[in-house]
Amino acid sequence: MTGNETTNQSPEQPRNQSPAHKRDLTRRKVVVAGGAAVAAVGVGGGLAASAFADGTSPIAPGKSTASGGEACYTLTSETTEGPYYIDADKIRQDITEDEEGIPMALTLKVIDSETCKPVKNAAVDVWHCTALGVYSGYEAMGSGGGGGGGAPTDAPSGTPTDAPSGTPTGEPPSGAPSGGTGGGHSEPTDDERYLRGTWKTDKRGYVTFKTVFPGWYQGRCVHIHVKVHVDGEWTDAGYEGGHTCHTGQLFFDEKSVLASATVEPYSTNTTTRTTLTEDTIYPQNGHEGGLLYLDYDKKRIAKGVRAHLTMGVAPDETHDSTDTQPSASASASASS
């Protein structure tokens, strides 16, 4: 399967070639996936707009609150990479492939939290599970609790009927996604790569991905993984060198998750769901901790969701996989 779209290609963007899957501990190299060329699209551009049936575009996040300058943000919290990262397998903005789910345009803005200036030409990785809680590349791991394929349950009206009443106890079943709470990296079990992708921030620090609203699996709330790589070089072969300055996760408020759970195929996911406040990875500190801003029709969420967040990073630092504590504030906070 492939999720790449054919559009006019920006001269600044890499050309797609055959994929290669290599991890180099001393020199990070990203190889472009095979397929058609993909155009760089800014906020409100064609890619984001095409995520929705009505052709509308995402709202513009991160507007400046100061005249003539960028808005300042706190340093975004570092969290664990989790066991299911595959090193920038596909250079693309449309990561949907054939996966079912609520269309979602995810727009991220990356800024230097100290100077408040956009971080341009960074490589941003995102990856997340399907509506039924499965990660591509790890289909043999299942969905973490036997859910994701059972008979449809009644749509939640306030809280899920099977919502846990307190903090989850015990470990997930053997082979189930654990959200990075232990065990380190797991080697892929298959060649699928849906709902994964890497793209380049533009001169304003923006990057937009076309995907679907994630589902859930046992032991974790709904989330998206993200990495930001800087100081590397974009070449015809992809992105080479540099270092990872941010490893984090993006989160969804309970109201939006409950709304998504009324829509198929999410409504068929019978796995016990962990709420945002029960999650052991979310640092419980709002947007600084990765909580996304969401925009959607509250009566028709199935039409699509626009998600956005400005992430303040420290480009000179390295945060590649194991940070778990929220970072200290580096600048004055502002809404995105």
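Worth a mention:
- Residues of the stretch 78-120 satisfying the condition of being assigned to a strand (DSSP E or B) and within 27 Å of GLY184 (Cβ to Cβ): ILE91, LEU106, LEU108, VAL110
- Within the stretch 251-273, considering residues that are aliphatic (A, V, I, L, M) and not in a loop (DSSP other than H, G, I, E, B), the one nearest to LEU309 (Cα to Cα): VAL257
- Residue match in the stretch 100-115 (condition: basic (Lys, Arg) and either within 17 Å of THR247 (Cβ to Cβ) or out of contact with any His (no Cβ under 8 Å at 6 or more places or on another chain) (or both)): no
- Against the list (1) at pLDDT 95 or above; (2) under 26 Å from ASP316 (Cβ atoms), the condition GLU240 fails is (1).
- Screening GLU278 against (1) charged (D, E, K, R); (2) open to solvent by less than 10 Å² (accessible area, probe 1.4 Å); (3) more than 17 Å from ILE91 (Cα to Cα) leaves a single unmet condition, (2).
- Within this structure, VAL119 passes the test of being modelled with pLDDT of 95 or more and touching a Pro at 6+ places or on another chain (Cβ under 7 Å).
- Cross-chain or 6+ apart pairs with Cβ under 6 Å, the stretch 281-292 first and within 15 Å of LEU106 (Cα to Cα), then modelled with pLDDT of 95 or more and among the aromatic types (Phe, Trp, Tyr): GLY290/PHE251; LEU291/PHE251
- Residue check: THR310 meets all listed conditions (1) open to solvent by 10 Å² or more (accessible area, probe 1.4 Å); (2) touching a residue at least 24 places away in the same chain (Cβ under 8 Å) but one, namely (1).
- For the stretch 193-250, filtering for residues that are open to solvent by 20 Å² or more (accessible area, probe 1.4 Å), of a type in the set (Gly, Ala, Ser) and in contact with a strand residue (DSSP E or B) (Cβ under 9 Å, 6 or more places away or on another chain) leaves 3.
The values are calculated or read from the model by the stated rules, or taken from the named source; none is laboratory data. Everything quoted here is computed from the prediction, not taken from an experiment. Ideal geometry is used to build each Cβ from the backbone, glycine not excepted, and the neighbour counts take in all protein chains shown. Ligands, DNA and RNA are stripped out before the accessible areas are found, and what is left, the full protein with its side chains, is counted by its heavy atoms. Shrake-Rupley method; radii C 1.70, N 1.55, O 1.52, S 1.80 Å.
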